[in-house]
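Structure first, commentary second.
The values are calculated or read from the model by the stated rules, or taken from the named source; none is laboratory data. A quick note: this is a predicted structure, and the numbers were derived from the prediction, not measured. So basically every Cβ, Gly included, is an ideal-geometry build from the backbone, and we count neighbours across all protein chains shown.
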Amino acid sequence: MGLFILSTFLYVFYLKYFPPVTTMLMVNRCSEKAPSKSGEPFKFRCTWKSYDEISPNIKMAIICAEDQKFPTHHGFDFDAIEKAVKNNMESQKIKGGSTISQQVAKNVFLWNGRSYIRKGLEVYFTALIELVWGKKRILEMYLNVAEMGNGIFGIEEAAKYYYKTSAAEISTYQAVRIAVSLPNPRVLSPLKPTAYGYRRIVGTLYWIRYLGGKKYLEGVER
């Protein structure tokens, strides 16, 4: 146990300053090599960009679509978890309550699946990256390793693929359309939102304005 804690701490500390060579999710997707919903062959795409090379538009879009309390919580949104548990007990449609921090922990360090061991490790790694990395690095990691399409990881490649632009130049509306597709990026397309997707786009744009726009990022960057 001591060796596990030491090795994971050292790896997390390393990732505070250096990009990961790969992540567990990337390895899993590359082993599957599943074609897209439209039949397009799998092609792995990932280009790392530093925090300052990424537009505030996508940072706000991700926070407002995925985790509005991100600057203020300590890795877990217990209100969202409680609502998700209640929904999952009453409905067959499973709803998650994961924060951005939890999603980073799952994507970078853990395998796919549902088990108590995996959930316990998710809690462990979430607490560890909150302690060692801080909010800015967690958001930077998310924006670079999150799955944003079939074989598409990170906002730089997503911006290129969907809108022929870059992470630095992406507009608010483009960013929001990508952000609302992230719960199921291999099925939902930013280019063809569903009716539910359009409702989420409107809701996310509202939250960006309500939270004060780019000024809200000061809570992440300090």
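Just give me the residues in segment 146-163 being part of a helix (DSSP H, G or I) and either in contact with a strand residue (DSSP E or B) (Cβ under 6 Å, 6 or more places away or on another chain) or on the phi > 0 side of the Ramachandran plot (or both), in sequence order. Glu157, Ala158, Tyr161 - these are the residues of segment 146-163 that are part of a helix (DSSP H, G or I) and either in contact with a strand residue (DSSP E or B) (Cβ under 6 Å, 6 or more places away or on another chain) or on the phi > 0 side of the Ramachandran plot (or both). Within segment 165-196, being surrounded by 16 or more Cβ atoms within 10 Å (Cβ to Cβ), part of a helix (DSSP H, G or I) and at pLDDT below 95 holds for no residue. Here Val202 qualifies as assigned to a helix (DSSP H, G or I), surrounded by fewer than 20 Cβ atoms within 10 Å (Cβ to Cβ), among the β-branched types (Val, Ile, Thr) and modelled with pLDDT of 95 or more. Here Arg118 qualifies as of a type in the set (Lys, Arg), closer than 26 Å to Phe4 by Cβ and out of contact with any strand residue (DSSP E or B) (no Cβ under 7 Å at 6 or more places or on another chain). Restricting to segment 49-60, name every residue that is part of a loop (DSSP other than H, G, I, E, B) and crowded, with 18+ Cβ neighbours inside 10 Å. Selection gives Lys49, Ile54, Ser55. Being out of contact with any strand residue (DSSP E or B) (no Cβ under 7 Å at 6 or more places or on another chain), closer than 23 Å to Phe44 by Cα, touching a residue at least 40 places away in the same chain (Cβ under 8 Å) and small (Gly, Ala, Ser) is a description that does not apply to Ala127. Report, by residue number, each residue of segment 190-205 that is out of contact with any Lys or Arg (no Cβ under 8 Å at 6 or more places or on another chain) and either charged (D, E, K, R) or farther than 22 Å from Ser98 by Cβ (or both). Lys192, Ala195, Tyr198, Arg199, Arg200, Val202, Leu205, listed by residue number. Looking across segment 67-102, the residues that are assigned to a helix (DSSP H, G or I) and either of a type in the set (A, V, I, L, M, F, W, C) or at pLDDT 95 or above (or both) come down to Phe78, Ala80, Ile81, Ala84, Val85, Met89, Ile100, Ser101, Gln102.
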